[in-house]
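A short write-up of the structure that comes next.
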Amino acid sequence: MILSARMEGVEMGAVWHKSYDPGVPRSLEYPAMSLPILIEESSRKVPGNKAIEFYGVALSYEELWTRIRSLANAFHRMGMKPGDRVAIMLPNCPQAVIAYYAVLWLGGVVVMTNPMYVEREMEYQWKDSGAEYLVILDHLFPRAERVLKETAIGKVIVTSLTEYFPFLLKMLYPIRAWKKKLFTAVPYGENILSFASLVSGTPPDPPPCSVKPDDLAMLQYTGGTTGVPKGVMLLHRNLVANIVQLVSWVPEIRFGEERFLSVLPFFHIFGLTVAMNLPLYIGASNTLVPRFEIKEFLRLLQKGKPSLLPGVPTIYLAMLNSPDVEKYDLTSIEFCITGSAPMPVESLRRFERITGGRIIEGYGLSESSPVTHVNPAKGVRKAGSIGIPLSDTEYRIVDIDRGIHEQLVGEIGELLVRGPQVMSGYWRKPEETEIALRDGWLYTGDIARRDEEGYVYIVDRKKDMIIAGGYNIYPREIDEVLCEHPKIIDAAVVGVPDQYRGETVKAFIVLKPGESMTAEEVIRYCKAKVAAYKVPKQIEFRENLPKTTVGKIARKELRREAVELYEASIGRKEKKKES
């Protein structure tokens, strides 16, 4: 059974339900252009509009595009050729946008690098991708310098956040940098160049852009079943398609009139597509936030009055949990596009009462640029659901063991997707590509179910599934049960080794401020909510849980800690026996 956003009426038992937004086209026409050409179009249509704002300094579309062309020309003079890999290791700032499009204009391949990476992670990514150029923040340079000789990187372009600061903040920043040990003396020379000098000292006349839609645009690194990061190969047409799909999904979007506030990191594919590429494509103004700090974030929300706020549940929950949230006027927000984790229903309702906006929950992954499913912008939205497929996107739910047999309504299986936004494969990993892509279908590794109206619900990650005593246990189900308890603000369960059951369930719990609870209370509560084999056998209370850059619980880190603790206890028992 295939469910698609192109369906008419009933097709093989699938229903295009009346609750689907009637304003959303089910099939689209995609411009046969590369990504930089699309953004160049915006600069021609609204040259005087504000494109980006950073700490009060604004760049119009014309100014931004001039800087992009200047840097592209500087790269060209350095000898950059189509296909060359360029690592960009920057937070959300104007330089990240300029560098990204300058590289794409010349046909280069962008390798977005998380600024929080340690040397080992940087070295692996840059060696695997074959990066030859690096654009990096000055205070990150010493960390990168220690691994450069192990890579093919020959040219390093260094920038500072202060380059686009207003005058007063630029004067005060060195003091702050010294206090936080961020000040770095960069050894500029023939191969270590100044970003500011390249942009200001190079005329904006690069060679014409000859990039085709089927050319490689990015290597977006992501984890996998092997635990080894893989470079997801995203073509220009993949990224362009996903932007067009998202714009069509919210027919209320007004070209040249929307305002964004972007705190989602651009080095993550969700932030890159929804918080950077999308605003530029629709001629919107975009306030860039390099780091999430709740007080500053609320201030920027009130000042910038964004109409669209891309985010993740942790951001919205931080806003709601701030004692100052009621002091701010947040009613400019019309839509919030969110993913990575489900938004608690009561929190969602409260957020929408405060802002008057609508939270649209969706789903995606690096391999699909990333969005494949979203709840309708105006139609029926279902709590806990990732919604329905975007235009021209199909999905299937198949058996977990073999990935072949279609599952019926309500049955659990692996989610498969197919559409123009799906990657071409993994960089230099043919075996992993064959596992992930079969007959055009992307095997997501997520376990899901669908209802009779075609809405999809993610149950869990396939790799996170716990098998205890022969029973399959989905951690996300237990997470949700725990988070429903009035004393619990956050929770995550993982599978840990057990000599009798193979694995057993361990819960990590964060209590609300001022609350107290015992492990016995947690277990008693769970027994009333889930089957006995799903009840956590181990409980650990914590002040917070480790999160990824986009707010997902770092379950892998929790599992590693739990396994290490288990192995240490086994070691102690063995030593005790020997003695």
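Of the residues in the stretch 224-247, at least one is surrounded by fewer than 19 Cβ atoms within 10 Å (Cβ to Cβ), part of a helix (DSSP H, G or I) and touching a residue at least 24 places away in the same chain (Cβ under 8 Å). Out of all the residues in the stretch 193-215, is one or more within 24 Å of CYS336 (Cβ to Cβ) and in contact (Cβ under 8 Å) with a residue 60 or more places away in the chain? No. For residues that are assigned to a loop (DSSP other than H, G, I, E, B) and among the hydrophobic types (A, V, I, L, M, F, W, C), scanning just the stretch 542-554, find the one that is farthest from GLU477 (Cα to Cα). Filtering first and then ranking leaves VAL550. Every listed requirement among (1) loosely packed, with under 15 Cβ neighbours inside 10 Å; (2) of a type in the set (D, E, K, R); (3) closer than 23 Å to VAL232 by Cβ; (4) modelled with pLDDT under 95 is met by ARG428 save one, (4). Annotation note: Cβ proximity below 6 Å between a residue of the stretch 308-319 that is among the polar types (S, T, N, Q) and a residue that is surrounded by fewer than 24 Cβ atoms within 10 Å (Cβ to Cβ) (sequence gap 6+ or interchain) occurs for THR314/GLY551. Only a single criterion out of (1) farther than 20 Å from TYR164 by Cβ; (2) surrounded by fewer than 19 Cβ atoms within 10 Å (Cβ to Cβ); (3) modelled with pLDDT under 95 is not satisfied by MET78, namely (3). Looking only at the stretch 237-275, residues that are aromatic (Phe, Trp, Tyr) and more than 22 Å from VAL46 (Cα to Cα) come to 4 in all. Going by the structure shown, is LEU308 over 29 Å from LYS463 (Cβ atoms) and either in contact with a Gly (Cβ under 6 Å, 6 or more places away or on another chain) or at pLDDT below 95 (or both)? In short, no. Here the helices (runs of 4 or more DSSP H) wholly within the stretch 90-162 that include at least 3 residues being without any contact (Cβ under 8 Å) to a residue 60 or more places away in the chain and surrounded by fewer than 21 Cβ atoms within 10 Å (Cβ to Cβ) are 119-129, 141-148.
Reported count of residues in the stretch 510-541, each being within 14 Å of ILE488 (Cα to Cα) and part of a loop (DSSP other than H, G, I, E, B), is 7. Of the residues making up the stretch 163-174, just one is more than 26 Å from the chain's Cα centre (by Cα), in a helix (DSSP H, G or I) and modelled with pLDDT of 85 or more, namely GLU163.
Residue check: VAL417 meets all listed conditions (1) more than 16 Å from GLY339 (Cβ to Cβ); (2) among the β-branched types (Val, Ile, Thr); (3) touching a residue at least 12 places away in the same chain (Cβ under 8 Å); (4) not in a loop (DSSP other than H, G, I, E, B) but one, namely (1).
The values are calculated or read from the model by the stated rules, or taken from the named source; none is laboratory data. These figures come from a predicted structure and were not determined experimentally. Note: ideal-geometry Cβ built from the backbone for every residue, glycine included; neighbour counts use all protein chains shown.
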